[in-house]
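Peer 1: Attaching a single structure in structure tokens format; questions to follow.
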Amino acid sequence: MEDEQSFSDICGGRLALQRRYYSPSCREFCISCPRLSLRSLTAVTCTVWLAAYGLFTLCENSIILSAAIFITLLGLLGYLHFVKIDQETLLIIDSLGIQMTSSYASGKESTTFIEMGKVKDVIINEGIYMQKVIYYLCILLKDPVEPHGISQVVPVFQSAKPRLDCLIEVYRSCQEVLAHQKATSASP
Amino acid sequence: MGYKSWGGDMNASAGARMPHEGDKDAARACLRLPGLERCVRGTLGRGRRAARAPLGAGPSRGNAGSRRKWGSCPAARPRQGWGPGAASAVVRSGRPDAVPDPMPTPPPESAARGNSRVPGMVLKAFFPTCCASADSGLLVGRWVPEQTSAVVLAVVHFPFIPIQVKELLARVQQASQVGVAVLGTWCHRRQDAEESLGHFLEGLGAIFSHEPWLQLCRERGSKFWSCKATRRQAPTCPGAPGEDQVMLVFYDQRKVLLSQLHPPVALPDHQAGDAVAGAGGLAAVFDTVARSEELFRSDRFDEGPVRLSHWQSEGVEASILAELAKRASGPICLLLGGLLSLVSAASACRVLQLWPLSFIWSKLSTCEQLRHRLEQLTFVFSTQKAENPTQLMRKANVLVSVLLDVALGLALLSWLHGKDRIGHLAEALVPVADHVAEELQHLLQWLMGAPAGLKMNRALDQVLGRFFLYHLHLWISYIHLMSPFIERILWHVGLSACLGLTVALSILSDIIALLTFHIYCFYVYGARLYCLKICGLSSLWRLFRGKKWNVLRQRVDSCSYDLDQLFIGTLLFTILLFLLPTTALYYLVFTLLRLLVVAVQGLIHVLVDLINSLPLYSLGLRLCRPYRLAAGVKFRVLEHEADRPLRLLMQINPLPFSHVIRTYRLPSCGCHPTHSWGSLCRKLFFGELIYPWRQKGDKRD
């Protein structure tokens, strides 16, 4: 089963939430951000090159122009490879764990897998971000020493930052799986 | 249930908030889910009973099955009269006629009772990808009851003799301390569906009893597998056969076997029996595969009694070379270790520990580096076997870093000794030193005039300037006295590069320190004068305010001075205050020069540290064999079809490079600058001396 809904992020940008229900025990949520727009790319490149050209007319040194070209190219590569995240995926598998994947615009993927034994709960939390208060989904990890304590809070969808309505959708599905997990582990 | 624990967390984690409607919905979902589960279970149970019914009805169908020759056993002849008791009989597939029905016919009320059961945990079957194309047979592996997961390690093919399989498993279990057992059956249908084979395989459960009994089946021409897990006696309600939901997880046996999880799990010792249960979660899977190496020893082409299908290495290439190296490494290590112990004994000799020498040793970075290199070599060539993978990795890292260092040093050596570069260097060195001295002379003359338009105290300025100029003159004559020998010294120093680039760099750092000795002297004089002035000013300032420093109580007390004391004190204070700018200017200039030299030395030191501490072997391993250093796993959901078990692909998540460096960093020779920027500025302001090396009496900030 697969469906797609569109939501907005905290700044009002468009986000697409894809839900895939492979089985009752395995669900995947995939939030896709809009791709790098041609307009912003052109604007940044033009600004850098115009500034470089201005400097060039002042000091008549052609190294500045080639440096500007290299800086734009390297900056674009670095931005695509390390900064721009196109897609964030949350895969929750009953009795196995939760996996978070972020795919960068260059195709690089970074994955974190948290075993179900370490997960205490999935909650929606409030946090202060820049000058506003936002909601975010996060995974609470159990403290291995103290069973009721929380050792770590792992935020999910860090780069997309969807709004509360989108988070609630994901939260409900996660809680369904977690509730099943708790019911089975409590009565083996 | 979900919302209950949610409430608990509200107390535990401050700031966790959620609108109420979400809670309600989660609760509703929890209520809904078991029903769904029940429904799935009901249909599965019914289906199985229907399938079993003809088998119980009579053994006559067996003839149809025996007609089909299948897979690797063309000589399957019907033979009567074997059962679980006749264990020495060869078990061949396709003869279900004689198999007694091991399953008790389910009582009619079992369906109702099965429904009342709580939904079982999802059963996870870890299946090696290399066995996906294996012939039908038995699944051999380990059952981890805590996580309800079955780790399949190998497939035993037909024909086999059950007693021999059991013997093999017992042997493996003894060697690896892993509870290896027959977990179920594996059916790979190459031809059209063979109904009989399924019943036959089901019957094998009577010989190898296991709870639950797994039945994996791969259809011909279909990507989707069917998988059943049967429990004959469910502990919650005995007598009701239940089937669990199954999830298939494929893993690459080779990668899992060779990979090393990070952070390493504290494994219990091997004597503690089947103690891997302590390692939680997926670490248990990794550990099971790693320990069952004994099972993977047997070769595919061996004509043993039991034929297994599992991952096997493609043979060791150049095994003669490897064997020779293995044989030779022991004596070589012994020999080199002996030589190294001789060297270290010589370096620990009493004569070298006398006062002036030991002081010099502690100040020269070359000695520090040589000592570090000696420690490294002793560590590498020690005959003790590395106990754990971490230590082994450390040894390899040290060895690779030493080898790289020596290779770079040799490259430097060949570059230096080719085309008489040392001669050019020596010829260039003296003029450079001269030039530096000349520049310093100009600087001093500039300071003796009116530097930057400042009006200095002329008399003091002249005295200081002449003093420094004389010192510089001495230094220049010293350099000229040295100049005939510099080439030879450089030649010998160049030879030391064969000990490694780091040693050569340390020597370079020491040479820079020696050649800029005059700058150091100027700095010390300037700093001492400045320090004197600052101390005098501060104590006289206290006198000016009618206070004094109480040495016994370590505090400032008020004190009534006489009039003449106050007069003299104030006079001296005024004189010092007016002379301070002149001294401060000299101090400032020479401190800047000194800082420049210290920065160059620091740069060299950082480079040496980098070569010493970079874990090159681990980095290379991460680059070429990313699965060897695993940070964990990642799962990929494979193509899915309704009513079939979920199929996941487990892949190794390699450790990020930053973690590799952090985990396997080698200890460097440990002369880091100890002061922070704040304390450095404080020291500079108060005129205390700063050194690039660590001082023993230094207080740690």
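The values are calculated or read from the model by the stated rules, or taken from the named source; none is laboratory data. Here the structure is a predicted model, which is why all the values come from computation and not from measurement. All Cβ positions, even for glycine, are placed from backbone atoms using ideal geometry, and neighbour counts span all protein chains on display. In case anyone asks, the SASA skips ligands and DNA or RNA and just uses the protein heavy atoms, side chains included. Shrake-Rupley method; radii C 1.70, N 1.55, O 1.52, S 1.80 Å.
Peer 1: So which residues in the range A:80-116 are more than 9 Å from chain B (Cβ to nearest Cβ), within 20 Å of A:Leu15 (Cβ to Cβ) and out of contact with any helix residue (DSSP H, G or I) (no Cβ under 9 Å at 6 or more places or on another chain)?
Peer 2: A:Leu80, A:Val83, A:Lys84, A:Ile85, A:Asp86, A:Gln87, A:Glu88, A:Thr89, A:Met100, A:Ser102, A:Ser103
Peer 1: Going by the structure shown, is B:Trp475 farther than 30 Å from B:Phe578 by Cβ and surrounded by 12 or more Cβ atoms within 10 Å (Cβ to Cβ)?
Peer 2: Yes: the conditions hold for B:Trp475.
Peer 1: Assuming B:Ile320 fulfils every condition listed in (1) β-branched (Val, Ile, Thr); (2) crowded, with 16+ Cβ neighbours inside 10 Å; (3) within 28 Å of B:Ser259 (Cα to Cα) apart from one, which condition is it?
Peer 2: In the conditions (1) β-branched (Val, Ile, Thr); (2) crowded, with 16+ Cβ neighbours inside 10 Å; (3) within 28 Å of B:Ser259 (Cα to Cα), B:Ile320 misses (2) alone.
Peer 1: Say whether the condition of being under 13 Å from the mean Cα position of the chain (by Cα), at the interface with chain B (Cβ under 9 Å from one of its Cβ atoms) and loosely packed, with under 14 Cβ neighbours inside 10 Å is met by at least one residue in the range A:142-160.
Peer 2: Checked the range A:142-160: no residue is under 13 Å from the mean Cα position of the chain (by Cα), at the interface with chain B (Cβ under 9 Å from one of its Cβ atoms) and loosely packed, with under 14 Cβ neighbours inside 10 Å.
Peer 1: May I pose another question? Of all residues in the range A:1-51 being under 30 Å from A:Val133 (Cα atoms), loosely packed, with under 13 Cβ neighbours inside 10 Å and acidic (Asp, Glu), which is farthest from the other protein chains (Cβ to nearest Cβ)?
Peer 2: Taking the candidates together, the pick is A:Glu4.
Peer 1: I'd like the full set of residues that are modelled with pLDDT of 80 or more, open to solvent by less than 10 Å² (accessible area, probe 1.4 Å) and of a type in the set (A, V, I, L, M, F, W, C), limited to the range B:116-133.
Peer 2: Those that are modelled with pLDDT of 80 or more, open to solvent by less than 10 Å² (accessible area, probe 1.4 Å) and of a type in the set (A, V, I, L, M, F, W, C): B:Leu123, B:Ala125, B:Phe126, B:Phe127, B:Cys131.
Peer 1: Take the residues of the range B:505-534 that are of a type outside the set (Phe, Trp, Tyr) and touching a Gly at 6+ places or on another chain (Cβ under 6 Å): which is least open to solvent (accessible area, probe 1.4 Å)?
Peer 2: Filtering first and then ranking leaves B:Ala527.
Peer 1: Consider B:Val402 against the criteria (1) loosely packed, with under 15 Cβ neighbours inside 10 Å; (2) touching a Lys or Arg at 6+ places or on another chain (Cβ under 8 Å): it satisfies all of them except one. Which criterion is unmet?
Peer 2: Status for B:Val402: all satisfied but (1).
Peer 1: While we're looking at this one, here's another question. Condition check: assigned by TED's automatic domain parsing to the domain that holds A:Glu28, hydrophobic (A, V, I, L, M, F, W, C), in contact with a strand residue (DSSP E or B) (Cβ under 8 Å, 6 or more places away or on another chain) and under 25 Å from B:Pro263 (Cβ atoms). Does A:Ile124 satisfy that?
Peer 2: No; evaluated as a whole, the condition is false for this residue.
Peer 1: Given the criteria closer than 24 Å to B:Gly500 by Cα and open to solvent by less than 60 Å² (accessible area, probe 1.4 Å), does B:Gln391 qualify?
Peer 2: no
Peer 1: Output the qualifying pairs, or none if there are none: Cβ atoms under 7 angstrom, residues six or more apart or on different chains, first residue in the range B:444-459 and more than 11 Å from B:Thr582 (Cα to Cα), second residue in a loop (DSSP other than H, G, I, E, B).
Peer 2: Sorted first by the residue in the range B:444-459, then by its partner, the list stays empty.
Peer 1: Give the residues of the range B:631-642 that are touching a Phe, Trp or Tyr at 6+ places or on another chain (Cβ under 9 Å) and within 22 Å of B:Val246 (Cα to Cα), sorted by residue number.
Peer 2: Passing the criteria: B:Val633, B:Lys634, B:Phe635, B:Val637, B:Leu638, B:Glu639, B:His640, B:Glu641.
Peer 1: Only one of (1) open to solvent by less than 60 Å² (accessible area, probe 1.4 Å); (2) away from chain B (no Cβ under 13 Å); (3) among the acidic types (Asp, Glu) is not met by A:Glu60, so which one is it?
Peer 2: Of everything listed in (1) open to solvent by less than 60 Å² (accessible area, probe 1.4 Å); (2) away from chain B (no Cβ under 13 Å); (3) among the acidic types (Asp, Glu), A:Glu60 misses just condition (1).
Peer 1: Going through the range A:117-140 one residue at a time, which ones are more than 8 Å from chain B (Cβ to nearest Cβ) and surrounded by 19 or more Cβ atoms within 10 Å (Cβ to Cβ)?
Peer 2: Of everything in the range A:117-140, those that are more than 8 Å from chain B (Cβ to nearest Cβ) and surrounded by 19 or more Cβ atoms within 10 Å (Cβ to Cβ) turn out to be A:Val119, A:Val122, A:Tyr135, A:Tyr136, A:Leu137, A:Cys138, A:Ile139.
Peer 1: Shifting gears a bit: Scan the range B:248-281 for residues that are modelled with pLDDT of 80 or more and closer than 16 Å to B:Gly141 by Cα and report the count.
Peer 2: Within the range B:248-281, residues that are modelled with pLDDT of 80 or more and closer than 16 Å to B:Gly141 by Cα number 9.
Peer 1: Whether any residue in the range B:560-579 is in a helix (DSSP H, G or I) and within 30 Å of B:Glu438 (Cα to Cα) is what I want to check.
Peer 2: Of the range B:560-579, the ones in a helix (DSSP H, G or I) are B:563-579.
Filter again for within 30 Å of B:Glu438 (Cα to Cα), leaving B:579.
The answer is yes; a qualifying residue exists.
Peer 1: Does at least one position in the range A:162-176 carry a residue that is open to solvent by 20 Å² or more (accessible area, probe 1.4 Å), under 17 Å from the mean Cα position of the chain (by Cα) and not acidic (Asp, Glu)?
Peer 2: For the range A:162-176, residues open to solvent by 20 Å² or more (accessible area, probe 1.4 Å), under 17 Å from the mean Cα position of the chain (by Cα) and not acidic (Asp, Glu): present.
Peer 1: Moving on. Hey, can you tell me all the residues within the range B:677-701 that are among the acidic types (Asp, Glu) and either modelled with pLDDT of 50 or more or in the same structural domain as B:Thr516 (by TED's automatic domain parsing) (or both)?
Peer 2: B:Glu688
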